[in-house]
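Okay, structure first, notes after.
Coordinate-derived values only; no laboratory data. Source: prediction; values computed, not measured. We place every Cβ from the backbone using ideal geometry, glycine too, and count neighbours over all the protein chains shown.
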Amino acid sequence: MTAQREDAQAHAHPAAIHIAVDHDHAAAPAGAIKIRARDVNVFYGDKQALFDVSLDVPENAVTALIGPSGCGKSTFLRCMNRMNDTIPGARVLGRIELDGEDLNSKAIDPVVLRARVGMVFQKPNPFPKTIFENVAYGPRIHGIATGKAELEAIVEKSLKRAGLWGEVSDRLHQPGTSLSGGQQQRLVIARAIAVSPEVILMDEPCSALDPIATARIEELIDELRNQYCIVIVTHSMAQAARVSQRTAFFHMGKLVEAGATDEIFTNPRDTRTQDYITGRFG
Amino acid sequence: MNEHIVKSFEDELNTLTAECARMGGLTEAQVADGIEAVIKRDTALAEQVVGRDERLDVMQADIERKAIRLIALRQPMANDLRKTVAAMKIANNLERCGDLAKNIAKRTLVLAEAEPMTPLTRSIERMGRLVLSRLKDVLDAYTSSDVDRAVLVWTRDDEVDEHYNSLFRELLTYMMGDPRTITACAHLLFVAKNLERIGDHATNIAEIVHYEITGEEMISANRPKTDSLRA
C-alpha cells in the first residue's frame with residue numbers, strides 16, 4: 001500500500017517534479033501500528049470479497065474505511081475480530097496481526113480476541129436487560145470484576161467514558177431498550193469499553209442517529225482515540241473527514257488508497273478515490 | 001474528469017470558474033488601459049479605468065459569496081474543494097490588481113499636467129508590457145488548467161523585479177538631476193511599484209493554480225529572487 005501510494009505520488013504530476021513540493025504527510029501512519037494486515041483475501045463461497053488487502057492501522061488514532069456499498073470495507077472490518085468465522089462458507093486468507101500476533105492462528109481464542117477487539121454495529125443492539133446489566137455483562141463473563149463493588153465501578157467508569165452516565169445514573173435498572181437511539185448507541189459503546197478492549201471496530205455507528213446524537217458519538221470517538229485504536233466504517237464522507245486521522249478507500253474488494261485523512265480529502269492520489277469522494281460517476 | 005452525479009453541483013462549480021475567468025479578463029483590460037493611459041497621458045481613458053473598478057469589486061464579492069455558499073451547501077472535497085478555494089483566492093488577487101490599476105490611472109491625471117518624460121515613459125511601458133503578459137499567461141494557465149504555464153510565470157517573477165529595480169534607479173537619477181521632476185518621478189515610482197505588485201499577484205495566482213491542479217504547494221524558497229534595492 002505504502003509503496004503504491006508513493007509510486008503514484010511520483011508519477012501523478014510530472015510538471016511538479018522540477019520544483020520542490022511539500023510532502024508533510026507521509027503515506028505511512030506516524031504512530032505505532034496496532035493492526036497489520038497483509039495480503040488479505042476473503043471469499044464467501046466462490047465469490048471473492050477482498051483482494052490482497054494490506055493495511056496498517058495505527059494505535060491511538062481513528063482509521064476510517066470508506067467506499068461504495070459492496071466494496072469490502074465491512075468485510076475487512078469483520079476480519080479484524082474474526083467475525084467472518086461466524087459466516088458459513090467464509091474463508092479468510094492472508095495475515096492479520098494484532099500487536100504482531102496472528103489473529104487467525106489456532107492459538108487465538110476468538111472469544112478472548114473479541115474482548116480485545118470490540119465491535120459497535122450500525123443499529124444499537126442493547127441486550128434485553130437493564131442498563132446496568134448491559135454494561136456489567138461483559139466484565140462478568142470474562143471474569144474481569146471480582147466483586148460487586150468492582151463491577152459497579154467498571155459500569156460507572158464505562159458509562160462515564162461513553163458520555164452517558166449523567167443521563168442514566170438515576171435509572172440504571174431500567175431496560176437498555178428504554179433509551180433513545182443515540183443513548184442506546186452510547187450504551188453499546190459503554191458495553192464494548194467495559195471489557196477494556198484495545199481496539200474498537202465501528203460499523204456505521206451513526207447511520208441510524210440524528211445529527212445531535214451523531215455529534216455526541218463523534219465527540220466520544222474523538223475522546224476514545226486517546227486510549228484505543230478505533231476503526232470506523234462510514235458512508236458519510238463528511239463523518240470520515242471529521243472523526244478520522246487516517247482514511248482507507250476500498251473499491252470492488254480492493255484497497256485503492258490509504259493515507260492521512262486531510263490528504264485523502266484534499267488531494268487524493270487515485271482518480272477512483274477522487275471520483276468517489278467528490279460524488280462523480282466512477 | 002467524470003461528471004458529478006448531482007448535476008447542479010457541477011453547474012455551480014463551472015459557474016464559479018467561469019466567473020473567475022471573466023473577472024480575469026476584465027482585470028487584464030483594466031491593467032492594460034491603466035498602463036496605456038499613463039503612457040499616452042490619456043486622462044479620459046484614465047477616468048474610465050477609475051470608473052470601471054467598482055465592477056471588479058462587485059465581481060469579487062459575488063465570487064466569494066458563491067464559493068462560501070458552495071462550501072456550505074455542497075461540502076466540496078478534493079479537487080472540487082481546491083477549485084472552489086482557488087476561485088475565491090484568485091478573485092481576491094484580481095480585485096487587488098484592479099485597485100492597483102485604478103491607482104495607476106489616478107496618477108495619470110496628475111502626470112498629465114506635468115512635463116512629459118519620454119525615456120521614463122518608455123521604461124514604464126516596457127515594464128507594463130511584461131507585467132501584463134505575466135497576468136495574461138497566468139490567467140490562461142488558470143482557464144486551461146495548464147500547470148506548466150503557471151510554473152513558468154512563477155519562476156520568472158524576478159524579471160519584473162529587475163525591471164522595477166532598474167526603474168527605481170533611473171527615477172532617482174532624474175530626481176537628483178532636476179528637482180523639478182520630483183513630483184512626476186514620485187508618481188512614476190508609485191506606478192512602477194504598482195506594476196511590480198501586479199506582478200506579485202500574478203505570481204500568487206500561479207501558486208494558486210498550481211495548488212488547484214496538483215494539490216501540492218510550491219515552496220517560495222526555491223524561486224530565484226532578485227532582491228537588491230540599493231541604487
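Couple of notes before you dig in:
- When each of B:210, A:251 is scored by the number of other beta-carbon atoms lying within 10 Å, the sequence from fewest to most is A:251, B:210.
- For residue A:280, the residues whose modelled amide H falls within less than 5 Å of its own, excluding neighbours fewer than 5 places apart on the same chain, are B:5.
- On full extension, the segment bounded by residue A:122 and residue A:60 gains 20.1 nm, given 0.36 nm per residue less the C-alpha separation.
- Placed amide H near residue A:119: partners under 5 Å, 5+ positions off or other chain: A:201
- Percentage relative contact order, segment B:1-126, counting C-alpha pairs under 8 Å, at least six apart: 39
- Efficiency of FRET from Cβ geometry, residue B:69 and residue B:6, R₀ 22 Å, rounded to 0.05: 0.90
- The slack in the chain from residue B:122 to residue B:159, taken as 0.36 nm per residue of separation less the alpha-carbon distance, amounts to 11.7 nm.
- Pairs from A:106/A:254; B:102/B:193; B:40/B:106; B:40/B:136 whose Cα-Cα separation, in the structure shown, is over 25 Å: A:106/A:254
- Within a straight-line Cα-Cα reach of under 22 Å, residue A:148 can be paired with the following lysines, leaving aside sequence neighbours fewer than 8 residues apart in one chain: A:129, A:157, A:160.
- Label-to-label distance for residue B:44 and residue B:148 is 4.5 nm, based on points extended 7 Å past Cα in the beta-carbon direction.
- Rounded to the nearest 20 debye, dipole of segment B:87-192 from Cβ charges on Lys, Arg, Asp, Glu: 260
- Distance (nanometres) between label positions extended 7 Å along Cα→Cβ at residue B:190 and residue A:219: 5.4
- Modelled label reach - residue B:173, point 7 Å along Cα→Cβ, segment B:101-125 residues with backbone N closer than 13 Å: B:119-121, B:123
- Label-to-label distance, residue A:51 versus residue A:69, with points set 7 angstrom from Cα along the beta-carbon direction: 2.2 nm.
- Rounded to whole numbers, the Karplus 3J(HN,Hα) couplings from phi for segment B:118-130 are 3, x, 5, 4, 5, 4, 4, 4, 4, 5, x, 5, 5 Hz, using 6.51 cos²θ - 1.76 cosθ + 1.60 with θ = phi - 60°, and x at Gly and Pro.
- Cβ-Cβ distance of residue A:198 and residue B:180, R₀ of 60 Å, FRET efficiency by 1/(1 + (r/R0)^6): the value works out to about 0.10.
- Segment residue A:30-residue A:170, extension gain: residue separation times 0.36 nm, minus the distance between their alpha carbons: 46.1 nm
- Percent RCO, i.e. relative contact order, over chain A, from Cα pairs under 8 Å lying at least 6 residues apart: 27
- Tensor-based shape of segment A:204-261 (alpha-carbon gyration tensor, a/c under 1.5 rounded, otherwise prolate or oblate): oblate
- For segment B:96-109, backbone phi angles converted through the Karplus equation (6.51, -1.76, 1.60; θ = phi - 60°) give residue-by-residue couplings of 5, 4, x, 4, 5, 5, 4, 5, 4, 4, 4, 5, 4, 4 Hz, Gly and Pro being listed as x.
- Bridge type composition, the protein assembly as shown - antiparallel percent by DSSP, nearest 5: 60
- Segment B:55-150, relative contact order in percent, only Cα pairs under 8 angstrom and at least six apart counted: 21
- In the elastic network of chain A, a GNM with C-alpha springs shorter than 10 Å, the most mobile of A:80, A:119, A:252 is A:252.
- Taking the average, over residues, of other Cβ atoms within 10 Å as the packing measure, peptides B:10-20, B:174-184 rank B:10-20, B:174-184 from highest down.
- Residue-wise HN-Hα coupling along segment A:185-196, computed from phi with Karplus coefficients 6.51, -1.76, 1.60 (Hz; x: Gly, Pro): 5, 5, 4, 5, 5, 4, 4, 5, 5, 4, 8, 6
- Label-reachable residues, segment A:75-95, where backbone N falls under 14 Å from a point 7 Å from residue A:142's Cα toward its Cβ: A:81
- Take each residue of peptide B:70-82, count the partner chain Cβ atoms within 10 Å of its Cβ, and average: the result is 4.
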